[in-house]
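See structure below.
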Amino acid sequence: MRHFIDLSDWSASELDDLLTLAVELKREWRAGGNRPVLAGKTLAMVFQKPSLRTRVSFEVGMFHLGGHAIYISPQEIGLGVRESIPDVARVLSGYAQGIMARVYEHDHMRQLAAASSVPVINGLSDWMHPCQTMADLLTIYEHFGRLNGVKVAYVGDCNNVTRSLAVAAARFDMALAVASPVEYGPDADFLRMTHESGLELALTTDPVEAVREADVIYTDTWVSMGQEAQTETRHRVLRPYQINAALLEAAPSSAVVMHCLPAHRGLEITDEVADGPQALIFPQAENRLHAQKAVLVRLMG
Ligand code: CP
Ligand code: NVA
């Protein structure tokens, strides 16, 4: 059983195949609609955290492909509380042809996948956000016409989004610079994983140094879901890592700005940048739909 829970489990050629299919499904959708290749199939969407993009893009994606999606809110099934995670996986496997889950602990994602007899898709865990990265890759590819050699500078909290991006960068020979304060920089697991993947990784605490040669400047929230108790400290320590007009001045004028959203305007990114001509943020959000359709078709088709 193939799952999409960790990008490290997918080779460069498999990810490339997903991107090629995403481009084709996007073209097909825009030319009048997708063929109903998932007709009669249902995706169960289990959420332990809030979501706008993940929830809506998966539900719309299933609809476009002729299938159906069921939203299961954090309160509803009490994953691991009302019922064990393996039992939830076994029950859902009897009703649905795929499970998409958003959980706190990545180990819960692994437990779901281990007990499931249908494919499990990671819609974000504390370890990775692979569906976001597929949309990011599609967006970068559409803008630059290639992935190979593109220089990405990630500025801010080194988190689940950064980790997924790092695996993708290794797979597609992109260069990645990460600028974070020491407190919120890459942990030992991140460094081990990137070392093993052969990624060209430049680490710094200086955002200006990271963006100087960047093609893409990427940021995410300073406070991920589940870290709310650390908000005050994180806001103080990460303040110098804001993507603002002054930082863009230090980057090539051709650089584009990306953010997985939701954005905290005035914190990790200013309005001026988020709404400015270099931002690719909303095409990036739309591409969640197209990139995930490829994942759905490959796993559930
Ligand atoms: N980027 C992203 O995953 O957004 P949501 O949390 O709204 O799904
Ligand atoms: N790093 C953020 C991403 C939100 C889409 C989080 O985990 O909350």
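Evaluating Ala115 against the criteria (1) closer than 13 Å to Tyr218 by Cα; (2) of a type in the set (Gly, Ala, Ser); (3) surrounded by fewer than 21 Cβ atoms within 10 Å (Cβ to Cβ) leaves one unmet condition, (1). Cβ-Cβ distances below 9 Å connect the following pairs, each with a first residue in the stretch 22-44 that is under 23 Å from Gln97 (Cα atoms), a second residue that is acidic (Asp, Glu) and open to solvent by less than 60 Å² (accessible area, probe 1.4 Å), and a separation of six or more residues or different chains: Asn34/Glu28; Arg35/Glu28. Reported count of residues in the stretch 1-58, each being of a type in the set (Asp, Glu) and more than 27 Å from Met174 (Cα to Cα), is 1. Which one is farthest from ligand 2 (Cβ to nearest atom), of the residues in the stretch 36-63 that are assigned to a loop (DSSP other than H, G, I, E, B) and within 16 Å of Gly123 (Cα to Cα)? The qualifying residue farthest from ligand 2 (Cβ to nearest atom) is Gln48. Considering only the stretch 118-137, I want to know if a residue exists there that is within 30 Å of Glu213 (Cβ to Cβ), outside any strand (DSSP E or B) and open to solvent by 20 Å² or more (accessible area, probe 1.4 Å). Yes, because at least one residue in the stretch 118-137 is within 30 Å of Glu213 (Cβ to Cβ), outside any strand (DSSP E or B) and open to solvent by 20 Å² or more (accessible area, probe 1.4 Å).
Evaluated against (1) within 16 Å of ligand 2 (Cβ to nearest atom); (2) under 18 Å from Asp136 (Cβ atoms), Asp187 falls short on exactly one condition, (2). Each residue in the stretch 90-112 was checked for being hydrophobic (A, V, I, L, M, F, W, C) and farther than 30 Å from Val223 by Cβ, and 3 of them qualify.
Summed over the stretch 78-107, residues that are open to solvent by 70 Å² or more (accessible area, probe 1.4 Å) and not hydroxyl-bearing (Ser, Thr, Tyr) total 5.
So is Ser254 polar (S, T, N, Q), touching a helix residue (DSSP H, G or I) at 6+ places or on another chain (Cβ under 8 Å), at pLDDT 95 or above and within 26 Å of Gln278 (Cα to Cα) or not? Spelling it out, it is not the case that Ser254 is polar (S, T, N, Q), touching a helix residue (DSSP H, G or I) at 6+ places or on another chain (Cβ under 8 Å), at pLDDT 95 or above and within 26 Å of Gln278 (Cα to Cα). Screening Gln75 against (1) in a helix (DSSP H, G or I); (2) closer than 23 Å to Met128 by Cβ; (3) open to solvent by 70 Å² or more (accessible area, probe 1.4 Å) leaves a single unmet condition, (2). Look at (1) within 16 Å of ligand 2 (Cβ to nearest atom); (2) in contact with a helix residue (DSSP H, G or I) (Cβ under 6 Å, 6 or more places away or on another chain); (3) open to solvent by 10 Å² or more (accessible area, probe 1.4 Å); (4) of a type in the set (A, V, I, L, M, F, W, C) and you find that Val155 fails only one, number (3).
Determine, yes or no, whether Thr162 is of a type outside the set (Gly, Ala, Ser), within 16 Å of ligand 2 (Cβ to nearest atom) and closer than 27 Å to Ile281 by Cα. For Thr162, the condition - of a type outside the set (Gly, Ala, Ser), within 16 Å of ligand 2 (Cβ to nearest atom) and closer than 27 Å to Ile281 by Cα - is met. The single condition from (1) open to solvent by less than 40 Å² (accessible area, probe 1.4 Å); (2) closer than 22 Å to Leu299 by Cβ that Phe63 fails is (1). Is it the case that some residue within the stretch 34-56 is within 16 Å of ligand 1 (Cβ to nearest atom), open to solvent by less than 70 Å² (accessible area, probe 1.4 Å), among the β-branched types (Val, Ile, Thr) and in contact with a strand residue (DSSP E or B) (Cβ under 9 Å, 6 or more places away or on another chain)? Yes, the stretch 34-56 contains a residue that is within 16 Å of ligand 1 (Cβ to nearest atom), open to solvent by less than 70 Å² (accessible area, probe 1.4 Å), among the β-branched types (Val, Ile, Thr) and in contact with a strand residue (DSSP E or B) (Cβ under 9 Å, 6 or more places away or on another chain). In this entry, Thr20 is excluded by the filter for residues that are among the β-branched types (Val, Ile, Thr) and within 16 Å of ligand 2 (Cβ to nearest atom). The set of residues in the stretch 283-301 that are part of a helix (DSSP H, G or I) and open to solvent by 20 Å² or more (accessible area, probe 1.4 Å) comprises Pro283, Ala285, Glu286, Leu289, Val297, Arg298, Leu299. The numbered conditions (1) within 19 Å of the chain's Cα centre (by Cα); (2) free of Cβ contacts under 8 Å to residues at least 40 places away in the same chain; (3) outside any strand (DSSP E or B) are all true for Ala114 except (1). Scanning the stretch 190-236 for residues that are under 21 Å from the mean Cα position of the chain (by Cα) and within 16 Å of ligand 2 (Cβ to nearest atom) gives Phe190, Tyr218, Thr219, Asp220, Thr221, Trp222, Val223, Ser224, Met225, Gly226, Gln227, Glu228.
The values are calculated or read from the model by the stated rules, or taken from the named source; none is laboratory data. This structure is a prediction, so every number in the text was calculated from the model and none was measured. When we count neighbours, we look across all protein chains shown, and the Cβ atoms used for this are built from the backbone with ideal geometry, even at glycine. Remember, those area values only see protein heavy atoms, side chains included, never the ligands or the DNA or RNA. Shrake-Rupley method; radii C 1.70, N 1.55, O 1.52, S 1.80 Å.
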